[in-house]
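Here the structure comes first, spelled out in structure tokens, and everything after it is commentary.
The values are calculated or read from the model by the stated rules, or taken from the named source; none is laboratory data. Just so we're clear, the structure is a prediction, and the values are computed from it rather than from any experiment. Every residue, glycine as well, gets a Cβ built from its backbone with ideal geometry; the counts of neighbours run over all protein chains shown. These area figures cover heavy atoms from the full protein model, side chains too; ligands, DNA and RNA do not enter into them. Shrake-Rupley method; radii C 1.70, N 1.55, O 1.52, S 1.80 Å.
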Amino acid sequence: MKVRKIILIIVDNFLAIGLFIFAVGVLSYYNSSRQNAVSSLPVKTSLTERDIAITEAVKNGKKEYTFTTRFIPGVGVITDPEAYKKEWEQQLQEDSNKKAP
Amino acid sequence: MAVTQRVRVVVGVALAVAGFLFLFFSTRNAAQLTTQAQTGQNYTSTWEATKLITVDSAGGWNNVGILRNVPIGVAEWQVDARAAIGGAQLFTETWRTPTSSEIVYNPADQTLTGSGFNSADWIFANHIGIFGDTPDGGRVRYKFQSPSVLNPGYKYTKDNAKVGGNAIQCRSNSDSNCLMPRGSYGWEVYHALGNLGSDRGRISASGLMMPAKWIITGTIY
């Protein structure tokens, strides 16, 4: 009889229990998203491809990861290869016209 | 069970399930936060070149001799990185250019050939200047070599790899026809001295072979 009473109380308050779990879940999710957004701002580098690759590896429980990037160490991210080439050629042209003193 | 009570139970279960789902995804967000931190603040790393791009070219005076093995840039990096946010985290990476087989430029038909070579993956320029008719048909060869072969004992790191170490090759002291790096992944042949009249002190040939992308494999420890 006691068990039945307890079950009836739970059933009677199921909506309230469900609402409580829902509220805790939403608050927890909101809090973690906010922390993530705030913390990621100062730590972002030009290598977002690496961030994504490592994040995915950790999420999937893997130790290995791979990615490609247009970031050239020592040079930077070349967004327009054709423009870089033209600039290089222009500088070459200027230097070629110079003669030794 | 009355109808209204059933509805309350169903709605209660749905809300509870949704709440658990939010809890689950908030845990995943926390895991992402840790890994993002690894590549940002408190991030330290060491870079060591394990393969270099070198150039062989003539492009010089009197069609004699080819200058060889001048490093113009790095073709493979070994990276060790440490991040110290929320406890030490380590990862290592190997950075490779899209190909590491010899690439040959033939000025006769202006083609680039090489095993696995894709021109879209490289930024390329080539100028055979005032002496176009050179040994080997004016070909320029880009090779991929270990630093230890070129310069034993010299360590190429991120700080000193740009200039290619002590790279410069001159044909002789008499004409000072020299092949040398020109910025990152570039090269030139330059006449600094000699009996070349109006051509004295000129760039006679030059080129650029820069990777437009890198392929990276990493391991998390």
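Hey, can you tell me all the residues within the stretch A:55-64 that are over 22 Å from residue B:98 (Cβ atoms), open to solvent by 80 Å² or more (accessible area, probe 1.4 Å) and not in a helix (DSSP H, G or I)?
Matches in the stretch A:55-64: A:60, A:62, A:63.
How many residues are within 14 Å of chain A (Cβ to nearest Cβ) and at pLDDT 70 or above when one looks only at the stretch B:113-157?
Total satisfying the criteria: 12.
Listed here are the residues, each with its yes/no results for (1) surrounded by fewer than 18 Cβ atoms within 10 Å (Cβ to Cβ); (2) at the interface with chain B (Cβ under 8 Å from one of its Cβ atoms); (3) modelled with pLDDT of 70 or more.
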position: A:24; (1), (2), (3): yes, yes, yes
position: A:37; (1), (2), (3): yes, no, no
position: A:40; (1), (2), (3): yes, yes, no
position: A:43; (1), (2), (3): no, yes, no
position: A:53; (1), (2), (3): no, yes, yes
position: A:77; (1), (2), (3): yes, no, yes
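Return only the number of the condition from (1) part of a helix (DSSP H, G or I); (2) under 27 Å from residue B:208 (Cα atoms); (3) open to solvent by less than 50 Å² (accessible area, probe 1.4 Å) that residue A:67 does not satisfy.
Only one criterion in (1) part of a helix (DSSP H, G or I); (2) under 27 Å from residue B:208 (Cα atoms); (3) open to solvent by less than 50 Å² (accessible area, probe 1.4 Å) is unmet by residue A:67, namely (1).
Considering only residues of the stretch A:55-75 that are under 16 Å from residue B:77 (Cβ atoms) and polar (S, T, N, Q), which is modelled with the lowest pLDDT?
Once the filter is applied, the top-ranked residue is A:69.
Output the qualifying pairs, or none if there are none: Cβ atoms under 8 angstrom, residues six or more apart or on different chains, first residue in the stretch A:4-18 and at pLDDT 75 or above, second residue open to solvent by 90 Å² or more (accessible area, probe 1.4 Å).
Final answer for the pair search is A:15/B:8.
Please work out if residue B:204 is at pLDDT below 70 and either assigned by TED's automatic domain parsing to the domain that holds residue B:95 or open to solvent by 30 Å² or more (accessible area, probe 1.4 Å) (or both).
So residue B:204 does not fit the description; no.
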